[in-house]
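The values are calculated or read from the model by the stated rules, or taken from the named source; none is laboratory data. These numbers were taken from a predicted model, which means no experiment stands behind them. We place every Cβ from the backbone using ideal geometry, glycine too, and count neighbours over all the protein chains shown.
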Amino acid sequence: MKIFVSYSRHDSARVNTLQADLVVLGHEVWFDRELTGGQAWWDEILRQIRECELFVFALSPRSLESPACDREWRYAAALGKGVLPILIEGDLSVGLFPPQLAGLQYIDYREQTKQAALKLSRAVEKIGVAGPLPQPLPPPPDVPLSYLGGLRETIHTAQALSFPEQSALVIKLRHALHEERDSKEVHDLIRQFLDRDDILARVADELKQLQTEGRSGPAAADPTADRAGLAAEPSPPTPAADPAPAKSASRWFTHKFAWAAGAALLLSVLVSMCSEPTTTEPTTTAPTTNGTSSPPGAPATNPAPASPAPTSGLGSEQKKQIAKDIDQLLKETQ
Amino acid sequence: MTGDSYRLRGLRITRLGVVTAWLAVLSPSVVQAQAAVGAEGADQVDVDFENALARLHQAAQAGHLAARDKLAALAHQGIPAAQFRLGQLHYESQAGAGGDRGLAEAIAWWLKASSNGYGRASMALANLYDHGEAGVAADAERALHYYELTVVQGWVNPTSQTRLARALLRNGQGKDCTRIGNLLRAASATGFPEALQLLNSDAGYKALCGP
């Protein structure tokens, strides 16, 4: 019998044993061992589900939380495949199962004994071969975000990524971090994303925060998590340990430094004299447009953003000119 | 002290040395202060620009056609703040003539502004999908997407932080308790009631993440 096994990558060791036992029982087992991703790989998984005769869901706390597993077993159920839940790890209450799964008899395979293997064999035979596929086929589920091929392609594209494109990638990576299958790959992608030449400062800040969250959150348990972080900051250069040269050079240093400091001071005074004066007019606040006619964003009631909003690459002079034009227009209309 | 110099642990320090040491301490501060003034100046330009658009929006709201045309022209030039304001104007007009068309136009302009990186527009879209309206079905997943975008785009304030936290809790991402907690604590620190309520009520943050 051709069996598809849906599982969480965190349970690989136990799934390998389960697969070996199923093969010994005379079945052909398929499960995705590859770490590649993307639509093509997801399509292959869905094809394998369509072609399998029995769908095995390797139950564990991780697999129950996995959106990829969730989509796989629901698709199999929609196709009319026999679904056999096999508990491989953890103490799971049936009450916590999704309703459709809770109605199915599951095999406890946590203790992979001979007795458990016999139960497994009987359960597989009992479910039997699935009937023909329904026509029309149910709609295929979308590729889970944790299947990162698309993200990888975008991150490695030679073309410059705009701010919206970079922002969208950050959001996808954040969601992908929640999908446990590829947490290490997500961290790798974040690091590669940070290496891009065109990475924008705000996006880089978000990515670094993601890395920190990843390390302090659930991914911290992952032994590979350390590799996923930023490279360690280089330690600051240590001052000369030998005091003697410093002492003998102190007089020279004092005089040279006096000139340097004086020059720096003079320069800063000059810069301040040459710079454009800052306005002393009180800042008017944006008029509120809240109330019943306000959009749900109620933006005017919000405090100012932490950083200025982008204005499509307008320079300061252009903004000043536009503001001036607006004021001129408003004067004329009054 | 001897003549114009001091002695400290065997190191001869001249008065010139003392003066230059002070200069050394002061000059970086002066340079930093100068840099801060420069940055503040740039921020001030942005504030003035935003305020000018807000006044234009207000005039357009009041029915000044020239103001409306100017706002539309700026939006068509691709200026995200103007796109957002024009969207808002359409949104406000839906109660009057135009009806649903006003909402559709509003969404179209907010989408443009949002895709140009304007966080306030993303926030407006997020709230729209969060609550739903006549003609727009509530969509939790989409709302979460736009709340995330709002924060990524730099529109960070107690409202956006709290709404994002709430959307994350609602979308079953309670396991990301560290992030949700950080968002709510940051918003609560400003005394924002919605954040305090979500952080402290038994049905909010505690229900998913514990006390």
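For this structure, a couple of remarks:
- Matching residues in the range B:164-183 - criterion: being more than 10 Å from chain A (Cβ to nearest Cβ) and crowded, with 20+ Cβ neighbours inside 10 Å: B:Leu164, B:Ala165, B:Arg166, B:Ala167, B:Leu169, B:Ile180, B:Leu183
- When the range B:118-150 is limited to residues that are out of contact with any helix residue (DSSP H, G or I) (no Cβ under 6 Å at 6 or more places or on another chain) and under 21 Å from A:Glu165 (Cα atoms), the one that is nearest to the other protein chains (Cβ to nearest Cβ) turns out to be B:His145.
- Residue check: A:Ile127 meets all listed conditions (1) crowded, with 17+ Cβ neighbours inside 10 Å; (2) at pLDDT 85 or above but one, namely (2).
- Taken over the range B:108-117, the criterion of being within 14 Å of B:His145 (Cα to Cα), facing chain A (nearest Cβ under 7 Å) and more than 14 Å from the chain's Cα centre (by Cα) is satisfied by B:Ser115 alone.
- Flag for B:Asn200 being without any contact (Cβ under 8 Å) to a residue 12 or more places away in the chain and out of contact with any Cys (no Cβ under 6 Å at 6 or more places or on another chain): yes
- Scope the range A:39-94; condition in contact with an Asp or Glu (Cβ under 7 Å, 6 or more places away or on another chain) and of a type outside the set (A, V, I, L, M, F, W, C); matching residues: A:Ser60, A:Arg62, A:Ser63, A:Glu65, A:Ser66, A:Pro67, A:Glu89
- Matching helices (runs of 4 or more DSSP H) fully within the range B:54-161 where at least 1 residues are modelled with pLDDT under 90 and in contact with a Pro (Cβ under 7 Å, 6 or more places away or on another chain): B:80-93, B:100-115, B:119-131
- For the range B:53-97, taking the residues that are basic (Lys, Arg) and either more than 11 Å from A:Ile326 (Cβ to Cβ) or more than 7 Å from chain A (Cβ to nearest Cβ) (or both), the one that is surrounded by the fewest Cβ atoms within 10 Å (Cβ to Cβ) is identified as B:Arg68.
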